[in-house]
């Protein structure tokens, strides 16, 4: 009986190390948790356009097409770094609806930002108090989501997008 | 023998104390503090929402306060937050099937070792 | 040039330690040559580390490590401490310590030569694998490929005295267990754990544990006055990582002190000795691999993570394997009664192991879940408070009388005195609780801690005749240690449960009243320091219309790294701390949070008593 008990530490050791190994190999990033909203339905929202308060967009209208949602702000430096990539995405996937949200930003500042950097968005919504972002689980800008035609969130990324992420993860989704 | 009784009494006493709960009603501020102490500030390194000064923490504090005022319970507010931010935001993990081992493990260990210890004690007596 | 010296002495040192590992069947060495090579290896690695320090002191930015972590404006003392304030430098320090511990062992040990050689061989093997880790993944002597005039600046949070000595002291603890590990493996390979081995292992375990306690206390103390939110223990993963070997080390030390030749305990001691160092390496892995997020963060790198994982697996696996194979079946010769000293030791070990396993599970559970389900959870303070603390409670209770228990019988001398004192104490505590807010944790904490102290004092008075000699102090040493724990628990209980918190919005010239004291915001000062800008809010503390002190919370801005840190302002006295943090400002009105932490000093005093006790245990009569 005694010797069997002595094997337990070795078994535990091997199991634990296996998990550590897998965690490292899967390239999990401790600063980037997987999203709680993956494979869940698009949150319900309604937002006026940044440029025209009479124009409104509701979440229902996004059904039937693929949407990319990007939360940004003029005060967010990494947002500027990823901004040009959206033009490239738009060129490659013209049928993709690219929705931008001005998040916790003064609308005038956002307008100026888009004037300077260009506007790749099919529609720019306003989320000044962050309530829409809250429904999406936004906590650090920029954040990007991809919704499929059934209204399910199939991708989320916190932090600026890069060419690699787009090539490796996003292009496969369509 | 006397020592045994003494220890048994002591354990019983502690058990009684643990069963004591104060049902005094708490203010919304107290409830907000208690809950936000257990919520992770997602933009900080391992700090609670209560302790953090960051914008994110301030927003969550507001949300929590709003929901308490609306009459939601602590569990319901936690559910609202985990739906959006994942269970990662809770410093106290849920007691669900995924975390069963986590919560039961220490308890099982204590019971098992008590068994083993008392059994060895008896074996000693017989010898 | 300095880097070259550092690098080459490191390489030489590694080669020497490799030579020591060549089996004696291939290369037989007389002991004096063996020791000479070992000690030369130590000397060389020390030269290596010292050259790194020299590179920092001279701000030699041709060294990439110095460039990344230092700045010529740093005060000299922090240039030096910057050498170990980064990953590469600290791991070089780690291997330096491994070697030095072996060196000291080679000088002090009275074991027979054959045994000494085995111990040093294992120590060299440990040195070798970590040295290879440094050379292949964490080389502090890399040359900067770009010509630079200035460094990137040290992390401002590390510019602090307590934090500067915290890593070295902590490492003295972790690495000390490497020697204990080597002693354990050597004894398994030789098949003997005689009285001398027990004495020797006891000494080195006590030294390691003492350093580890000091290191953890320094870290806690730093967290309390630097991190600015009034806590000193957060169940942060890195704190848990230091706590595990500490508790295991405590179990080891207790077992070593209480063994009287029982074979079952000998076997257990060896297992614990292997476990302690394994937990130290596990800790190193978890922190440096970047798989855990915490207040401490070293830059992470998958290759480093994998290398240390390998080291952890191989070393721990080797240890457990040798234990499995080489430890002969010993009979269960424990004389257990409810409750004699042996049972108390057994219960103590059981409770501590359960605590270690629980902390381990809680710390790595998120990793396991994320691998299995791709969701992330947190296991934070509330989990550990709900599980580990209740587990330790019976342990604290046992602590009060364990040193007074008998080995043979389950009776305690003058049992009636203990019972009467306990009843009196309980009544007093109940009375106290009645007149203040009752809180179950507060009640338990208070009763346990005061009972530990009083029972220990009763035992000292009843059993030992006072004499101002070292012999007397050594004989009451276990009681002293436990009194230290009691004092610490009083401090913990009062400062957490009876803590009071106040939030204010205050402008310059205004004052607020707290209890019978008055805090007045006298002025806001902005001072330009050598490498940062400091904003200080100067508060005067008044009692009975007399200013008794000034408290200065503030914020520091570091232009090089663009970081803002919050510095708490603290007023200490023996019975409470007044702890003020500065929040945000709106129209010249400042948000401040004031904590009144009763009896915080008792925490540090209690820990100091424990460390004192460990020193006494090591000193010869």
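The values are calculated or read from the model by the stated rules, or taken from the named source; none is laboratory data. None of the values given here were measured: they were computed from a predicted structure. Every residue, glycine as well, gets a Cβ built from its backbone with ideal geometry; the counts of neighbours run over all protein chains shown.
A few notes on this one:
- Members of segment B:37-60 that are away from chain A (no Cβ under 11 Å), at pLDDT below 95 and not in a loop (DSSP other than H, G, I, E, B): B:48
- Between C:93, C:34, C:61, the distinction of being in a helix (DSSP H, G or I) and more than 30 Å from the chain's Cα centre (by Cα) belongs to C:34 only.
- Residue in segment B:88-95 that is in a helix (DSSP H, G or I) and either in contact with a strand residue (DSSP E or B) (Cβ under 6 Å, 6 or more places away or on another chain) or assigned by TED's automatic domain parsing to the domain that holds residue B:57 (or both) present: yes
- Segment A:51-70 - residue that is within 23 Å of residue A:141 (Cβ to Cβ) and under 20 Å from the mean Cα position of the chain (by Cα) and, of those, surrounded by the most Cβ atoms within 10 Å (Cβ to Cβ): A:70
- A count restricted to segment C:359-372 and to residues that are surrounded by fewer than 21 Cβ atoms within 10 Å (Cβ to Cβ) and more than 7 Å from chain B (Cβ to nearest Cβ) stands at 4.
- Checking each residue in segment B:61-84 for being at the interface with chain A (Cβ under 10 Å from one of its Cβ atoms) and closer than 20 Å to residue C:377 by Cβ picks out B:80, B:81, B:82, B:83, B:84.
- The criterion of at least 1 residues that are in contact with a helix residue (DSSP H, G or I) (Cβ under 8 Å, 6 or more places away or on another chain) and within 14 Å of chain B (Cβ to nearest Cβ) is met by the following strands (runs of 3 or more DSSP E) wholly inside segment A:1-74: A:67-72.
- Among the candidates C:281, C:265, the residue that is surrounded by 21 or more Cβ atoms within 10 Å (Cβ to Cβ), part of a helix (DSSP H, G or I) and without any contact (Cβ under 8 Å) to a residue 60 or more places away in the chain is uniquely C:281.
- Selection within segment A:136-159 - surrounded by 19 or more Cβ atoms within 10 Å (Cβ to Cβ), assigned to a loop (DSSP other than H, G, I, E, B) and at pLDDT 90 or above: A:137, A:138, A:139, A:142
- Taken over segment C:565-584, the criterion of being within 14 Å of chain B (Cβ to nearest Cβ), over 16 Å from residue C:522 (Cα atoms) and surrounded by 13 or more Cβ atoms within 10 Å (Cβ to Cβ) is satisfied by C:565, C:566, C:567, C:568, C:579, C:583.
- Checking residue C:376 against (1) buried (at least 16 other Cβ atoms within 10 Å of the Cβ); (2) outside the structural domain of residue C:291 (by TED's automatic domain parsing); (3) farther than 30 Å from residue C:269 by Cβ, the condition it does not meet: (2)
- Residue satisfying all of: in segment C:64-83; in a loop (DSSP other than H, G, I, E, B) and farther than 18 Å from residue C:5 by Cβ; modelled with the lowest pLDDT among these: C:73
- Residue count for segment B:58-93, restricted to those that are more than 16 Å from residue B:30 (Cβ to Cβ) and crowded, with 17+ Cβ neighbours inside 10 Å: 16.
For every residue, the table says whether it meets (1) over 25 Å from residue C:449 (Cα atoms); (2) more than 10 Å from chain B (Cβ to nearest Cβ); (3) surrounded by fewer than 17 Cβ atoms within 10 Å (Cβ to Cβ).
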site: C:352; (1), (2), (3): no, yes, no
site: C:388; (1), (2), (3): no, no, no
site: C:417; (1), (2), (3): no, yes, yes
site: C:426; (1), (2), (3): no, no, yes
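- Those residues of segment A:130-166 which are free of Cβ contacts under 8 Å to residues at least 12 places away in the same chain and within 11 Å of chain B (Cβ to nearest Cβ), in sequence order: A:131, A:134
- Strands (runs of 3 or more DSSP E) fully within segment C:523-590 counting 1 or more residues that are over 28 Å from residue C:606 (Cβ atoms) and touching a helix residue (DSSP H, G or I) at 6+ places or on another chain (Cβ under 8 Å): C:554-558, C:563-567
For (1) farther than 20 Å from residue C:161 by Cα; (2) in the same structural domain as residue C:149 (by TED's automatic domain parsing); (3) crowded, with 16+ Cβ neighbours inside 10 Å, each residue gets a yes or a no:
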site: C:2; (1), (2), (3): yes, yes, yes
site: C:10; (1), (2), (3): yes, yes, yes
site: C:18; (1), (2), (3): yes, yes, yes
site: C:40; (1), (2), (3): yes, yes, no
site: C:47; (1), (2), (3): yes, yes, yes
site: C:71; (1), (2), (3): no, yes, yes
site: C:76; (1), (2), (3): no, yes, no
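- Any hit, segment C:386-407, residues being at positive phi and not in a helix (DSSP H, G or I): no
- Residue match in segment C:205-225 (condition: surrounded by fewer than 21 Cβ atoms within 10 Å (Cβ to Cβ) and not in a helix (DSSP H, G or I)): no
- Residue that is touching a strand residue (DSSP E or B) at 6+ places or on another chain (Cβ under 9 Å) and surrounded by fewer than 24 Cβ atoms within 10 Å (Cβ to Cβ), where the choices are C:64, C:93, C:115: C:64
- When residue C:411 is tested against (1) in contact with a helix residue (DSSP H, G or I) (Cβ under 6 Å, 6 or more places away or on another chain); (2) facing chain B (nearest Cβ under 8 Å), exactly one condition is not met: (1).
- Count of segment C:450-508 residues, restricted to those that are within 30 Å of residue C:589 (Cα to Cα) and part of a helix (DSSP H, G or I), is 2.
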